[in-house]
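In what follows, a structure is listed as structure tokens, so that the remarks can point back to it.
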Amino acid sequence: MVTYDVKDISPDASFLEMLDVLNEKLILDGDDPIAFDHDCREGICGMCSMVIDGVAHGPEKATTTCQLHMRHFSDGDVIDVEPWRAAAFPVIKDLVVDRTAFDKIIQAGGYITAPTGAAPEAHATPVPKKDADLAFEAATCIGCGACVAACPNGSSMLFTAAKVAHLGLMPQGQPERDTRVIDMLQAQDDAGFGGCTNMGECAQVCPKGIPLHLIGRLNSDYRKALRNKG
Amino acid sequence: MTEFWTEGDPIADTAAPDGPIETRWERRKFSAKLVNPANRRKLTVIVVGTGLAGGSAAATLAEAGYHVKSYCYQDSPRRAHSIAAQGGINAAKNYRNDGDSIYRLFYDTVKGGDFRARESNVYRLASVSVNIIDQCVAQGVPFAREYGGLLDNRSFGGTQVSRTFYARGQTGQQLLLGAYQAMERQIGLGNIEMNARHEMLELIIVDGKARGIVVRDMITGEITTEMADAVVLASGGYGNVFFLSTNAKGCNVTASWRAHRKGALFANPCYTQIHPTCIPESGTHQSKLTLMSESLRNDGRVWVPKRAEDCKKPAGEIAEEDRDYYLERIYPSFGNLVPRDIASRAAKNVCDEGRGVGPGGLGVYLDFADAIKRLGRKAVEAKYGNLFEMYQRITGEDPYETPMRIYPAVHYTMGGLWVDYDLQSTIPGLFVVGEANFSDHGANRLGASALMQGLGDGYFVLPTTLGNYLAAGPFEKVAPDHEAVVEARKAVEDRIAKFLSINGDRTVDSFHRELGHIMWEYCGMERTEEGLTKAIGLIRSLREEFWTRVKVPGHGEQLNQNLEKAGRVADFFELAELMCIDALHRRESCGGHFRAESQTPDGEALRHDDQFSYVAAWEYATGEAAKPILHKEQLEFEYVHPSTRSYK
């Protein structure tokens, strides 16, 4: 743990801009700047990843670290900043972790097989608006990994559940529905994520508000898939 | 020959077929050589970048059986900046039966580009647009739908038909995840070798052909050379030359610029798009700007106070008759839906008159009070809820209660590496797709056309044209100790060593910020000969200072984010100068660019088709005092005849 003194921070600055200011000073003082992941800085790429005062992405609800602003802190506060901590996300340097385990879960089945050129006319299959809307809600996951960082078991169930729900709600996703859920859950175990014990911390910190009930849906899909498999 | 550039031979051949425009692509596809499926796995293709263009290209090429090596600087291909596109994607489906067609989308795009795009390419883009929607729906992209279960459409930024498909305000994210998932499937099957957190730092050319790249592993700092039969750049645009833009922080021009230095022509570098609806800057800490989808202009009304002295008052205290809804006033037939360039310049004009609102007077109101009254808060929330939330999170203000403040910001770059009809650059075997090329948007891109172009290039165009090139392969293996490979690698290592050895007293960011100020001031929305000439001088002296005073901490064999930035900013300096030279040479107002010396008596943009109806493709000239060489590709308009764009 290192403590840095940061001065002259505007309440309108984002959390990452506060770190930019600190890093500029560290570089000029001949110290090592703090490495952290970030890219779009508008809450959609999922790259930023910090536990702030013990909470993944900090104190504001439904907010990524990059969209957290300093107006939510008081002058003089001491703020604890840590990287994501989970067995499946090894720390690379400072606040930077390796999240390739998420890509591995998608590789195992987080897709609909539709090679380019093979698509039928888009209106050939209407999708009930209710299903389309729920699928969209699940599909808004940005893959940041806050759910894993917040989970006492380091489980990726909410991440996997979101993708399984998104694709499983679409008519296009039905042919691979069973193999998808079985393979993705296997990949999740293989990657070293922990098991889910329904703590619900994941949904609390999710910046996109992915609902907890999708995990129930995942479990139900999984049981059905195992039954169908026989 | 001028003080800043020289002129070379015109570009004679764009490889576009002639004959009726409707069948050009069909005929090109038929004439393209095919690669036997058994031979495809012996052919390796490098794809740099994993956004809509690179991701869709990598997935499609791998599905076809090629061996693909993919690179991105982010930690996962899913994070490429296409993900941030909000509004939508155009396609000429005519599901609304409102008179849309491939021809109309083609027509609108050529006109919207202010007659500075190549007709053949634009027609092809319009015709593949319908396939893109089919493809994305098949992948499970959750587009917005109507109660009957069919796809919903909206009208978007300057069009009078509803042809924009969308997924709430996250269209780019959903399309990118579709391409990413297709890619991950191929990674799982072993057909794509994915290299995340790797940055391309040099292009390797052997016997005149692009055969590989030099990359740096951003975790270990290891420099490696990667070889292939062809190289595809899908590395995005260069808006970050302005420091503040809506681009992600990591977006950079390095891959394109390195290729340019090795001989690829760079076309229309001065064509940048300034997006009218971004959240204004809040202070000197500002690190990037956030765009609010311009779909907001469908229901929001843009205004500023009529009198400068009212600007400091809260919006609610300014009476209706004291408000100037300037877009509705100046452009009565399009009103708040005028194209991006016009909306941006109009905002700048009212702020220049001292009627801007918010900190520094750099902002105009985007007001939803009427929409809420007309449609109800619920309906407005359903349409724009996530955008309103985003605005509130950033500014701390509630747009349901007080009007949003918006201001233009750099958003997209229409310029890029020159490519022919096959999307091949002037270096054989180097193909360029998506925002990284210059090809389809002319001097101004219409809303919801970037996603269309990225996916059109990657899913449908490149896989055909690249096959035609690869049919002559596999090419002879290049030995790792080949002179060209060793040289390229050494150049990268020397440059890194140079950055680390300067050990000056200024940070990389401080230089980048200063460069951005120069570009915004002199090479932004309004340009003058005097300003551009001054900018070139300022850029040159700042660049010199950079190479003597920059301080890059740490060493090369580690995760070193300042070293990464230093390389990108060094290339931005060179690009910035070329942008100013390109802007200087184009003595006309067109697209997003207002050239003060070229305007109508009532202050509107004045194009000069007799002098500038060409693509300006620049050749890199080596040596310190060398001047870039201009090659002109004359544009021919056989179908859409140039006219003055009027939205009044």
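Of all DSSP beta bridges in the protein assembly as shown, what percent run antiparallel (nearest 5)? Don't skip to the end; give the middle numbers.
Working: 52 of 75 bridges.
Of all bridge pairs located within the protein assembly as shown, approximately 70 percent are antiparallel.
Setting aside same-chain residues fewer than 8 positions from residue B:209, which aspartates and glutamates have a Cα under 20 Å from its Cα?
Straight-distance partners of residue B:209: B:13, B:226, B:229, B:420, B:422, B:476, B:481, B:483, B:487, B:619.
Specify the inter-centroid distance of the stretch B:21-38 and the stretch A:159-183, based on alpha-carbon positions, in whole Å.
36 Å
Of all the Cα-Cα pairs you can form in the stretch B:127-229, what percent are over 15 Å apart?
Counting every Cα pair in the stretch B:127-229, those more than 15 Å apart make up 74 percent.
Classify the stretch B:275-411 as rounded, prolate or oblate from the Cα gyration tensor: take a ≥ b ≥ c as the square roots of its eigenvalues, call it rounded if a/c is under 1.5, otherwise prolate when a/b beats b/c and oblate if not. Intermediate values should be presented prior to the final figure.
Details: a/c = 1.23, a/b = 1.06, b/c = 1.17.
Because its axes are fairly even, with a/c under 1.5, the stretch B:275-411 counts as rounded.
On the full set of protein chains, 1.4 Å probe, figure out the accessible area of residue B:551 and give it in Å² to the nearest 10.
About 40 Å², rounded to the nearest 10.
Which of the aspartates and glutamates could be linked to residue B:93 by a straight reach, that is with a Cα gap under 12 Å, when you skip same-chain ones fewer than 8 residues away?
Filter leaves A:121, B:134, B:152.
If r is the Cβ-Cβ distance from residue A:87 to residue A:125 and R0 is 45 Å, what FRET efficiency results, to the nearest 0.05?
For R0 = 45 Å, the calculated efficiency reads 0.65.
Below 8 Å, C-alpha to C-alpha, sequence gap of six or more: please give me the relative contact order for chain B in percent.
Values: 1406 pairs, mean separation 137.8, N = 648.
Over chain B, the number comes to 21 percent.
If r is the Cβ-Cβ distance from residue B:217 to residue B:369 and R0 is 60 Å, what FRET efficiency results, to the nearest 0.05? Don't skip to the end; give the middle numbers.
On the way: r = 53 Å, r/R0 = 0.89.
Given R0 = 60 Å and the Cβ-Cβ separation, E is 0.65.
What accessible surface, in Å², does a 1.4 Å probe find on residue A:40, ignoring ligands, DNA and RNA and rounding to the nearest 10?
0 Å²
For peptide A:88-94, what's the mean number of Cβ atoms from other chains within 10 Å of each residue's Cβ? The partial results should precede the final answer.
Working: counts 0, 0, 0, 0, 7, 5, 2.
Counting other chains' Cβ atoms within 10 Å and averaging over A:88-94 gives 2.
What full-extension length gain, to one decimal in nm, is calculated for residue B:353 and residue B:517 as 0.36 nm per residue of separation minus the Cα-Cα distance? Can you show the working numbers first?
Values: separation 164, 0.36 × 164 = 59.04 nm, distance 2.07 nm.
Residue separation times 0.36 nm, minus the Cα-Cα distance, leaves 57.0 nm.
Which residues belonging to the stretch B:376-394 lose at least 30 Å² of 1.4 Å-probe accessible area when the assembly is complete, relative to their chain isolated?
Output list: B:393, B:394.
Take peptides B:266-277, A:100-111, B:497-508, B:165-176 and line them up by average Cβ neighbours within 10 Å, highest first, as a rough protection proxy.
Details: B:266-277: 28.4, A:100-111: 23.8, B:497-508: 16.1, B:165-176: 26.5.
Taking the mean over residues of other Cβ atoms within 10 Å, the ranking is B:266-277, B:165-176, A:100-111, B:497-508.
Taking the simple approach of a point 7 Å from Cα along Cα-to-Cβ for both residue A:72 and residue B:487, what is their distance in nm?
5.4 nm
What value, in deg cm²/dmol to 500, does the helix sum -39500 (n - 2.57) over DSSP H runs of n ≥ 4 give at 222 nm once divided by the residues of chain A?
On the way: 8 runs with 88 residues, N = 230.
Rounded to the nearest 500, the figure is -11500 deg cm²/dmol.
Helix-only estimate, please: 222 nm mean residue ellipticity of chain B, summing -39500 (n - 2.57) across DSSP H runs of length 4 or more and dividing by its residues, to the nearest 500. The partial results should precede the final answer.
Values: 18 runs with 226 residues, N = 648.
Result for chain B, helices only: -11000 deg cm²/dmol.
Under a cut-off of 13 Å between alpha-carbon atoms, report the aspartates and glutamates in cross-link reach of residue B:249, not counting same-chain residues fewer than 8 places apart.
Result set, ordered by chain and number: A:17, A:20, A:37, A:39, A:42, B:509, B:564.
Please report the net charge: other residues with Cβ closer than 15 Å to the Cβ of residue B:487, K and R +1, D and E -1. Numbers along the way, then the final one.
Working: positive: B:211, B:258, B:261, B:262, B:489, B:490, B:495; negative: B:202, B:207, B:481, B:483, B:493, B:494.
Residues close to residue B:487 contribute a combined charge of +1.
Once B and A are treated as a pair rather than alone, how much accessible area drops out, both sides summed, in Å² to 100, probe 1.4 Å? It would help to have the intermediate numbers written out before the result.
Values: alone 24760 and 12550 Å², together 31210 Å².
That pair of chains buries around 6100 Å² in total.
Could you state the accessible area per residue of the stretch B:275-411 in Å², with a 1.4 Å probe and every protein chain left in place?
Values: 5330 Å² over 137 residues.
In whole numbers, the stretch B:275-411 has 39 Å² accessible per residue.
On full extension of the chain, what length is gained from residue B:641 through residue B:160, given 0.36 nm per residue of separation minus the C-alpha to C-alpha distance? The partial results should precede the final answer.
Working: separation 481, 0.36 × 481 = 173.16 nm, distance 1.95 nm.
Separation in residues times 0.36 nm, less the Cα-Cα distance, equals 171.2 nm.
What accessible area per residue, rounded to a whole number of Å², is obtained for the stretch A:15-82 using a probe radius of 1.4 Å? Can you show the working numbers first?
On the way: 2410 Å² over 68 residues.
Using a 1.4 Å probe on heavy atoms only, each residue of the stretch A:15-82 averages 35 Å².
Quick one: net charge of residue A:21's neighbours, Cβ under 12 Å, K/R +1, D/E -1? Each step should come with its number before you reach the end.
Numbers: positive: A:7, A:25; negative: A:5, A:8, A:17, A:20, A:24, B:509.
Overall, the nearby charge balance is -4.
Scaled to the compact-protein estimate 2.2 N^0.38 Å, what is the alpha-carbon radius of gyration of the stretch A:1-125, rounded to two decimal places?
Details: Rg = 19.0 Å, N = 125, 2.2 N^0.38 = 13.8 Å.
For the stretch A:1-125, the normalised Cα radius of gyration comes out at 1.38.
Pull out a ≥ b ≥ c, the square roots of the eigenvalues of the alpha-carbon gyration tensor of the stretch B:26-70, then state rounded if a/c is under 1.5, prolate if not and a/b is larger than b/c, and oblate in the remaining case.
Details: a/c = 2.66, a/b = 1.31, b/c = 2.02.
Oblate, because a/c is 1.5 or more while a/b does not exceed b/c.
For the stretch B:24-34, what does the Karplus curve 6.51 cos²θ - 1.76 cosθ + 1.60, with θ = phi - 60°, yield as ³J(HN,Hα) per residue in whole Hz, taken in order and with x for Gly and Pro?
Ordered by residue, 3J(HN,Hα) equals 4, 5, 4, 5, 5, 4, 5, 7, 5, 6, 9 Hz.
Hey, got the dipole for the stretch A:15-82? About the Cα centre, +1 on K and R Cβ, -1 on D and E Cβ, debye to the nearest 20?
On the way: 4 positive and 15 negative charges, 62 e Å.
The calculated dipole for the stretch A:15-82 is roughly 300 debye.
Looking only at other chains, what is the average number of their beta-carbon atoms within 10 angstrom of each beta-carbon in B:478-489?
For peptide B:478-489, the averaged partner shielding equals 0.
For chain B, max minus min Cα coordinate along each principal axis, in Å, sorted largest first?
On the principal axes, chain B reaches 75, 60, 48 Å in Cα extent.
Report the residue, chosen from A:183, A:31, A:133, that carries the largest GNM mean-square fluctuation when chain A is represented by alpha-carbon nodes joined by springs under 10 Å.
Sorting by GNM fluctuation, first place goes to A:31.
Any idea of residue A:20's accessible area? Nearest 10 Å², probe 1.4 Å.
In the full protein context, residue A:20 sits at about 30 Å².
So, how do all the Cα-to-Cα distances of chain A break down into 5 Å bins, in percent, from 0 on up?
It works out to 1, 7, 13, 17, 17, 14, 11, 8, 6, 4, 2, 1, 0, 0, in whole percents.
Taking the Cβ of residue A:167 as the centre, find all other residues whose Cβ is under 14 Å away and add up their charges (Lys, Arg: +1; Asp, Glu: -1).
Details: positive: A:163, A:177, A:180, A:217, B:185; negative: A:131, A:137, A:176, A:178, A:183, A:221, B:184.
That sum, taken over residues with Cβ under 14 Å, equals -2.
With a cut-off of 8 Å between alpha carbons and a minimum separation of six or more residues, what is the relative contact order of the stretch B:275-411 in percent? Display every interim value, and only then the final one.
Numbers: 205 pairs, mean separation 47.3, N = 137.
Rounded, it is 35 percent for the stretch B:275-411.
Angle between the Cα long axis of helix B:561-585 and the longest principal axis of chain B, 0 to 90 degrees, nearest 10?
Roughly 70 degrees between the two axes.
Across the residues of B:600-610, average count of Cβ atoms on other protein chains within 10 Å? All intermediate terms of the calculation are to be shown ahead of the outcome.
Values: counts 0, 0, 0, 0, 0, 0, 0, 0, 0, 0, 0.
Partner Cβ neighbours, averaged per residue: 0.
Past 24 Å, Cα to Cα: identify those pairs from A:104/B:29; A:61/A:163; B:288/B:498; A:163/B:565, in the order given. Can you show the working numbers first?
Details: A:104/B:29 36 Å; A:61/A:163 22 Å; B:288/B:498 28 Å; A:163/B:565 34 Å.
Distance filter (> 24 Å) returns A:104/B:29; B:288/B:498; A:163/B:565.
Any idea what the relative contact order of the stretch B:299-376 is, in percent, if you count C-alpha pairs under 8 Å spaced at least 6 apart? If you can, show how the numbers build up before the last one.
Values: 95 pairs, mean separation 32.1, N = 78.
Once normalised by length, the contact order is 41 percent.
Out of every Cα-Cα pair in the stretch B:483-613, what percent are more than 24 Å apart?
On the way: 3722 of 8515 pairs.
For the stretch B:483-613, the share of Cα pairs beyond 24 Å comes to 44 percent.
For the stretch A:93-151, state what percent of all Cα-Cα pairs lands in each successive 5 Å bin, counting from 0 Å until the bin that includes the largest distance.
Histogram of Cα-Cα distances, whole percents per bin: 4, 11, 15, 20, 19, 13, 9, 6, 3, 1, 0.
Would you compute the Debye intensity of the stretch B:383-439 from its alpha-carbon atoms alone, equal scatterers and no solvent, and pass along log10 I(q)/I(0) at q = 0.19, 0.24, 0.25, 0.30 Å⁻¹ to two decimals?
-0.68, -0.89, -0.94, -1.13
So how many Å³ per residue does the convex hull of the Cα atoms of the stretch A:100-229 work out to? Working shown, then result.
Details: hull volume 14.5 nm³, N = 130.
Residue-normalised Cα hull volume stands at 112 Å³.
So for B:229, B:18, A:75, what's the accessible-area order with a 1.4 Å probe, most first? Walk me through the numbers before you get to the answer.
Numbers: B:229 10, B:18 115, A:75 160 Å².
Final ranking, largest accessible area leading: A:75, B:18, B:229.
I need the shape label for the protein assembly as shown. Rule: rounded when a/c is under 1.5, else prolate if a/b > b/c, else oblate, with a, b, c from the alpha carbon gyration tensor.
Because its axes are fairly even, with a/c under 1.5, the protein assembly as shown counts as rounded.
Among B:247-258, A:44-55, B:2-13, B:429-440, what's the highest-first ranking by average C-beta atoms within 10 angstrom per residue? Please report the intermediate quantities before stating the final value.
Values: B:247-258: 25.5, A:44-55: 22.8, B:2-13: 12.8, B:429-440: 28.9.
For the peptides B:247-258, A:44-55, B:2-13, B:429-440, the packing ranking is B:429-440, B:247-258, A:44-55, B:2-13.
Can you give the extra length, in nm with one decimal, that the chain gains between residue B:472 and residue B:207 once fully stretched, where that is 0.36 nm per residue apart less the Cα-Cα distance? Each step should come with its number before you reach the end.
On the way: separation 265, 0.36 × 265 = 95.40 nm, distance 1.47 nm.
Extra length available between residue B:472 and residue B:207 comes to 93.9 nm.
The values are calculated or read from the model by the stated rules, or taken from the named source; none is laboratory data. What you are looking at is a predicted structure, and each value in this text was computed from that prediction instead of being measured. Cβ coordinates were reconstructed from backbone atoms using ideal geometry, including for glycine residues, and neighbour counts include every protein chain displayed. Quick note on the areas: whole protein, heavy atoms, side chains included, nothing else; ligands and nucleic acids left out. Shrake-Rupley method; radii C 1.70, N 1.55, O 1.52, S 1.80 Å.
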